[in-house]
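Asks: Please find one structure pasted underneath; my questions will follow.
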Amino acid sequence: MMLDDFLVRAALAGLGTALAAGLLGCFVVWRRMAYFGDATAHAAILGVALSLAFHLSVLTGVAAVALVMALIIFALSERGHGMDTVLGVLAHGGLAAGLVAVALIPGARINLDAYLFGDVLTVTRLDLAVIWGGALLVAVVLWSRWSAMLTATLSPDLAYAAGIDPRREQLVLTLMLAAVVAVALKVVGALLITALLIIPAAAARNFARTPERMAALASALGALAALGGLRLAMWFDTPVGPTVVCVAAGLFALGTLAGQVRTMRG
Amino acid sequence: MSLLSATGIAAAHDGQVVLHDVSLALEPGEIVTIVGPNGSGKSTLLRVLISALKPLRGKVTRAPGLRIGYVPQRLHIDPTLPITVRRFLNLPHGVADPDATTALEHAGVPGVAGQQMASLSGGQFQRVLLARAILGRPQVLMLDEATQGLDQPGSAAFYRQIEAVRAELGCAVLMVSHELHVVMSASDRVICLNGHICCEGTPEVVSAAPAYRELFGTGTGGALALYRHTHDHDHDHDHPHPEIEAAE
């Protein structure tokens, strides 16, 4: 059977993650939520520690802690603080607390690298089901609320006047971010999840004239980076997660150059 | 029944109470202008009326199913967000191509549908915002300093467009402005705001009211009469224009 091959499972995991991250990543870029993504993703390490301590599945622990972190940030942003600094504190404080917590758990011998940088080659069928389930959930939720979210992103006041509550849209995006963190942890690891959110979206910006095309293109470029990164990692025997992000960054550089050339030609 | 009414509104902006005891009602088809100096709570009041801001006290009542078209003061579109004019007009609900074309014509910007929002001039941008607002067939059109950044002929033309839209759609118009002499000429009713409602009535009544003259000086009275008679022509730009900002 095809799924018996670890490379096929890895490729499918990468594709599922790229789909969800590409769509959500556009909103992260448009709304300047990169630090928001970092804080939520870094909290995943704390989730790993808690799931070891309480003998939960890693997925449960990571999803729960990412969700709590996302909701904390949502509540803080409601109060309109200078968010940059607070998010920086949360992102790095959360990561440090997770690393300390993992070290404190007695008898736990885990390969922390797998959670920091991903370990897509050991993806199981159950992992695949979680990744694709999560990715489809994110895609369906975003698609069904797309217009309301886009209006709220352009201007909260325009949304209010049209009877859309922009805070509700922000909350849904927050929940989706936690879902993507849970989905992507196995593929690229906590440290590079934000990269998978923003780099394909940023690369897609160079070629898109509408928000929808940018989102579709971001997903496609993310998928290309996932497959290309997997292939290159096999060739050069490098870690898959960072290689995928390197390919995505390469695509961004190429896209930006091509965009510049096109602008110069008018 | 009024389309929209507010009673005893008090509201805060940045933690400061900027509005108190404001009551107003908007009737079908009328053009009402809210004037007032900077910081008088004009924009805050509009945000309360579109439910973007919860009042500290008081209550806003809307006719059931009221459709509001809102034109914000300015709209910053993040440069990372590509969007064509045509796509923008589809927010929040999709509209048919012929309707979009007609709306752009009515707003005075035919033929920009394929352009990026970011490539529009200030005046074109505001007109596209207006086109989007009228596509929802609004019963109330609300404009918040919609002509900021336009020069005087530009904003005069913009307000003539508003009158044309009102004639076409029969909607009520509620707008906020500091450009008294341009705006008031097109209004049925003027509300002079400075934390509370200082005075209100027809443009003639308000411009003669002591409370209004205290806020804006007397210089605008003559200009108002002038514009009242000539605002559908373009030849009046050689008259000296008393600058309202100077009086603030």
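The values are calculated or read from the model by the stated rules, or taken from the named source; none is laboratory data. None of the values given here were measured: they were computed from a predicted structure. All Cβ positions, even for glycine, are placed from backbone atoms using ideal geometry, and neighbour counts span all protein chains on display. We work out accessible area using only protein heavy atoms, side chains counted, and drop any ligands, DNA or RNA first. Shrake-Rupley method; radii C 1.70, N 1.55, O 1.52, S 1.80 Å.
Asks: Just the residues that are among the polar types (S, T, N, Q), assigned to a helix (DSSP H, G or I) and open to solvent by less than 60 Å² (accessible area, probe 1.4 Å), please, taken from region A:204-263.
Replies: Residues satisfying the conditions are A:Ser219, A:Thr243, A:Thr256.
Asks: While we're on this one: Please work out which residue is most open to solvent (accessible area, probe 1.4 Å), limiting yourself to region B:135-156 and to residues that are more than 24 Å from B:Arg86 (Cα to Cα) and not charged (D, E, K, R).
Replies: Here the residue is B:Pro153.
Asks: Then there's this: Among the residues of region B:166-186, is any assigned to a loop (DSSP other than H, G, I, E, B), surrounded by fewer than 20 Cβ atoms within 10 Å (Cβ to Cβ) and either at positive phi or not assigned by TED's automatic domain parsing to the domain that holds B:Ile34 (or both)?
Replies: Within region B:166-186 (the criterion being assigned to a loop (DSSP other than H, G, I, E, B), surrounded by fewer than 20 Cβ atoms within 10 Å (Cβ to Cβ) and either at positive phi or not assigned by TED's automatic domain parsing to the domain that holds B:Ile34 (or both)), the answer is yes, since at least one residue qualifies.
Asks: Return the residue satisfying two criteria in turn: it lies in region B:21-52 and is within 14 Å of another protein chain (Cβ to nearest Cβ) and open to solvent by 20 Å² or more (accessible area, probe 1.4 Å), and of such residues it is nearest to B:Ser207 (Cα to Cα).
Replies: Applying the filter and picking the extreme gives B:Ser43.
Asks: Could you go through region A:140-153 and let me know if any residue there is within 14 Å of chain B (Cβ to nearest Cβ), more than 30 Å from B:Ser43 (Cα to Cα) and either among the small types (Gly, Ala, Ser) or open to solvent by less than 40 Å² (accessible area, probe 1.4 Å) (or both).
Replies: Within region A:140-153 (the criterion being within 14 Å of chain B (Cβ to nearest Cβ), more than 30 Å from B:Ser43 (Cα to Cα) and either among the small types (Gly, Ala, Ser) or open to solvent by less than 40 Å² (accessible area, probe 1.4 Å) (or both)), the answer is yes, since at least one residue qualifies.
Asks: Restricting to region A:124-137, what's the tally of residues that are hydrophobic (A, V, I, L, M, F, W, C) and either surrounded by 22 or more Cβ atoms within 10 Å (Cβ to Cβ) or modelled with pLDDT under 90 (or both)?
Replies: 2
Asks: Go through (1) at pLDDT below 90; (2) surrounded by 20 or more Cβ atoms within 10 Å (Cβ to Cβ); (3) within 11 Å of chain A (Cβ to nearest Cβ) for B:Leu81 and report which single condition fails.
Replies: (1)
Asks: Can you find a residue that is assigned to a loop (DSSP other than H, G, I, E, B), touching a Ser or Thr at 6+ places or on another chain (Cβ under 7 Å) and over 30 Å from B:Val35 (Cβ atoms) anywhere in region B:63-76?
Replies: Looking for residues that are assigned to a loop (DSSP other than H, G, I, E, B), touching a Ser or Thr at 6+ places or on another chain (Cβ under 7 Å) and over 30 Å from B:Val35 (Cβ atoms), one finds none in region B:63-76, hence no.
Asks: Also, I was wondering about something else. Go through the residues of region A:190-200 one by one and say whether even a single one is assigned to a helix (DSSP H, G or I), more than 10 Å from the chain's Cα centre (by Cα), surrounded by fewer than 24 Cβ atoms within 10 Å (Cβ to Cβ) and not hydrophobic (A, V, I, L, M, F, W, C).
Replies: Looking for residues that are assigned to a helix (DSSP H, G or I), more than 10 Å from the chain's Cα centre (by Cα), surrounded by fewer than 24 Cβ atoms within 10 Å (Cβ to Cβ) and not hydrophobic (A, V, I, L, M, F, W, C), one finds none in region A:190-200, hence no.
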